[in-house]
Every structure is written in C-alpha cells, then in structure tokens.
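S.K.: Dropping a structure here in structure tokens format, bear with me for questions.
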Amino acid sequence: MLVFRVAAFYLVISLLLSACQGGTLPTHYYAAGDGWAIYLAWTEDTTQHLQGQVQVIASDPNDAAKQRSTSAPFTGIRNGSDISISFPLVSNYVGATWTGTLKGNAISLVIPTTGLPANPTLIAGSFEEFQRAAQKVQGKVNVAQQVQAQQQAAIAQQQAVEQAAAAQQSRRNQEKNVAYNSSVEAESHVRAAFTQVQNDLAPLQPALPETPSRFGLRSQYAAEWTKMQGTWAQEQAAALATPMTCYQKGQVTYIAGQVTYENSEVKYLDSESRNLGDSIQSSLNAASQGLDALSQWDRNTIVERKSIVSSVTSLRTSMTLRTISRVSRSKRKH
C-alpha cells in the first residue's frame with residue numbers, strides 16, 4: 001500500500017522537525033473521519049516558506065468498495081497563523097491551493113479538491129497515528145468489498161436461476177409446439193384414414209340399401225326363377241299331350257326355347273350376384289384395412305404422447321433438482 005511505502009519518508013520528516021523546531025508550532029498533523037484520513041507534514045525555513053507532502057486515503061463516495069490513496073508534494077507559506085499550500089500542476093491535485101488557520105496544536109483547512117472533506121480540522125499527530133486511522137479506512141473498504149462481492153454473487157445466482165428458468169420455459173414451449181404439431185399431424189392422418197374408409201365403403205351404399213327395392217337383384221332373380229319354372233311346367237304339359245301333332249310338337253319346341261332363354265337370364269343374374277358379392281367383399285376388406293390402420297395410428301399417437309409427457313416430466317424434475325442444488329450450495333457458501 002502507498003501509505004506504508006511512504007512511512008519511512010514521513011518518519012524522517014518527523015525526526016527532522018523534532019530536531020529543528022524545538023518549541024515552535026507543530027508541523028505534522030492528521031485527521032480522520034468516516035471513510036477518510038489525511039496526513040500533512042512540512043518543513044519551514046527562516047522566511048516561513050513551507051515544503052512538504054500530503055498523504056490521503058479515502059473510500060470512493062460513489063462506491064464504498066473502492067479506495068483512493070494519494071500522495072502529493074506541495075510548497076507553501078505561513079503568515080502568522082495563516083498558511084497557504086500549493087500543489088504542482090503535475091501532481092495528483094493538479095495545481096490546487098489549500099488554505100488554513102493554525103490554532104495551537106490544530107489546523108483548520110479549506111480543501112477545494114473533490115472527494116475530500118471541505119473543511120477538516122487536523123490535529124498534531126504522528127504518522128503512526130495516521131497509519132492506524134488509514135487501517136480503519138482500509139478495513140471499512142474491505143467490508144464493503146465483501147458485501148459487494150456477496151451481492152454480485154447473489155445477483156449472478158439469481159440471473160443463473162432466471163436464465164435456467166427461461167431456458168426451461170423455452171424448452172417447454174418447444175416441446176409444446178412439437179406435441180401440438182404431432183397432434184395436428186395425428187389428426188390429419190386420422191381424418192385421411194377416416195376419409196379413406198368412407199371412400200372404401202361408398203360402393204356398398206347402392207349395393208346394400210337399407211330397404212331393398214322390389215326391383216333389386218334378389219327380386220329379379222326370384223322372379224326369373226319362378227317364371228322359368230312356370231315355363232318348364234308348360235313345356236312338360238305340352239310334351240305329354242296326345243296325339244303329338246306337328247303343331248303340338250312346334251309348341252313344345254317353342255316353349256323349350258323360352259325355358260332356355262329364361263334359364264340364361266337366371267344364370268346372368270346369378271353371375272351378377274356373384275360379382276356383386278365379390279365387390280362387396282373387396283370393399284369390406286379395404287374398409288377393414290382402413291379401420292386397422294386408423295386403430296394402429298391412434299395407438300401410436302397415444303404412445304407418442306405418453307413419451308412426450310414422460311420426457312417433459314423428467315426434464316422438469318431434473319431442472320428443479322439442479323436449481324435446488326445450486327441454491328443449497330449458494331446458501332452454504334454464504
């Protein structure tokens with residue numbers, strides 16, 4: 001510290017003053033206050049010209065955790081009880097002039113320098129007394145530095161907690177967005193699968209009306225079958241007629257042709273019935289596959305959502321435990 005580096009200098013000045021001044025006025029003074037201390041020492045020649053040095057230590061009025069320690073040479077003059085000391089332009093006090101009044105073992109100063117007491121009263125004292133006062137100032141600055149360090153640590157801890165919370169919230173928002181997008185995608189797939197099922201079931205609607213029409217396929221088949229049976233009965237009756245004339249034989253032949261035609265109609269309707277059955281079965285198979293796909297997608301979506309919820313819960317638990325751990329460590333430190 002600058003205060004102690006110049007201790008030898010002031011000790012020499014004090015010894016010279018004691019040897020040369022005898023019973024004259026003291027020429028070394030100090031004063032101390034809340035957060036500051038000043039030491040002033042000089043030598044005086046026979047023409048009352050002064051030459052000396054000032055030592056100041058003070059805490060920064062704008063920041064108690066900062067300390068300012070200054071040493072500066074000066075020249076001056078004493079006129080009875082009045083003194084005036086001036087600092088060189090290249091000194092720490094850049095050409096300032098201090099004035100004062102000697103009163104016994106005390107001197108009242110007027111200090112225009114910013115950051116120092118404006119009107120301190122210094123008393124005759126040794127450099128060791130100034131050092132003890134300077135140590136108190138240093139101790140006060142040290143306490144302020146510790147308090148400031150604790151405050152900064154608390155602020156840093158709070159900022160870390162806030163940043164962690166913000167990062168966690170950001171991750172939650174991202175996870176919510178992912179979950180929402182997954183839900184939208186799942187809904188889109190469900191709608192597409194449902195539409196596909198509807199499309200696959202569409203051919204069944206005209207084929208399987210709720211109330212069968214009397215002109216439907218089964219009705220036509222039954223009518224043709226009954227008609228063929230009636231014509232067949234006519235053919236059998238005609239074939240049994242006697243005597244079998246040429247006309248009668250022609251009638252049998254004609255009726256047989258009708259039976260053949262009606263039988264072909266029955267076969268056609270039978271074929272249509274089988275084709276319709278195959279078409280219905282194909283549509284049912286496609287619809288069943290669509291329903292299976294829809295069910296599988298729904299199961300996958302449920303599993304995916306459970307996985308997302310589990311991940312979010314795990315992340316929240318981890319972040320909470322880390323935050324509690326940081327706070328606990330911070331409390332143990334303080």
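S.K.: Just checking, how many residues over segment 155-180 are closer than 29 Å to residue 64 by Cβ and in contact (Cβ under 8 Å) with a residue 24 or more places away in the chain?
M.R.: 3
S.K.: Between 170, 183, which is in contact with a Lys or Arg (Cβ under 9 Å, 6 or more places away or on another chain), among the small types (Gly, Ala, Ser) and more than 30 Å from residue 57 (Cα to Cα)? Talk me through it step by step, then tell me what you get.
M.R.: Details: 170 fails: in contact with a Lys or Arg (Cβ under 9 Å, 6 or more places away or on another chain).
Just one listed residue meets the conditions, 183.
S.K.: Go over the candidates 41, 106, 124 one by one and state the one that is buried (at least 18 other Cβ atoms within 10 Å of the Cβ), closer than 23 Å to residue 26 by Cβ and either acidic (Asp, Glu) or in contact (Cβ under 8 Å) with a residue 40 or more places away in the chain (or both). Can you show your working first?
M.R.: On the way: 106 fails: buried (at least 18 other Cβ atoms within 10 Å of the Cβ); 124 fails: buried (at least 18 other Cβ atoms within 10 Å of the Cβ).
41 is the lone residue from the list that is buried (at least 18 other Cβ atoms within 10 Å of the Cβ), closer than 23 Å to residue 26 by Cβ and either acidic (Asp, Glu) or in contact (Cβ under 8 Å) with a residue 40 or more places away in the chain (or both).
Table: residues versus (1) closer than 19 Å to residue 72 by Cα; (2) outside the structural domain of residue 39 (by TED's automatic domain parsing); (3) among the aromatic types (Phe, Trp, Tyr); (4) part of a loop (DSSP other than H, G, I, E, B).
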| site | (1), (2), (3), (4) |
| --- | --- |
| 99 | yes, no, no, no |
| 102 | no, no, no, no |
| 115 | yes, no, no, yes |
| 134 | yes, no, no, no |
| 138 | no, no, no, no |
| 142 | no, no, no, no |
| 154 | no, yes, no, no |
| 158 | no, yes, no, no |
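S.K.: Another one. Sort out which residues of segment 49-72 are within 18 Å of residue 109 (Cα to Cα) and either surrounded by fewer than 15 Cβ atoms within 10 Å (Cβ to Cβ) or of a type in the set (A, V, I, L, M, F, W, C) (or both), and write them in order of number. It would help to see each step written out before you state the result.
M.R.: Filtering segment 49-72 down to residues within 18 Å of residue 109 (Cα to Cα) leaves 49-58, 70-72.
The answer is 49, 50, 51, 54, 56, 57, 58, 72.
S.K.: Report yes if residue 147 is under 20 Å from residue 71 (Cα atoms) and in contact with a strand residue (DSSP E or B) (Cβ under 8 Å, 6 or more places away or on another chain), otherwise no.
M.R.: Details: under 20 Å from residue 71 (Cα atoms): no; in contact with a strand residue (DSSP E or B) (Cβ under 8 Å, 6 or more places away or on another chain): yes.
Answer is no for this residue.
For every residue, the table says whether it meets (1) basic (Lys, Arg); (2) modelled with pLDDT under 70; (3) in a helix (DSSP H, G or I).
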| position | (1), (2), (3) |
| --- | --- |
| 231 | no, no, yes |
| 238 | no, no, yes |
| 247 | no, no, yes |
| 278 | no, no, yes |
| 294 | no, yes, yes |
| 300 | no, no, yes |
| 311 | no, yes, yes |
| 322 | yes, yes, yes |
| 328 | no, yes, yes |
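The values are calculated or read from the model by the stated rules, or taken from the named source; none is laboratory data. Model, not experiment: these values are computed from the prediction. Reconstructed Cβ throughout: ideal geometry from the backbone, glycine too, with neighbour counts over all protein chains shown.
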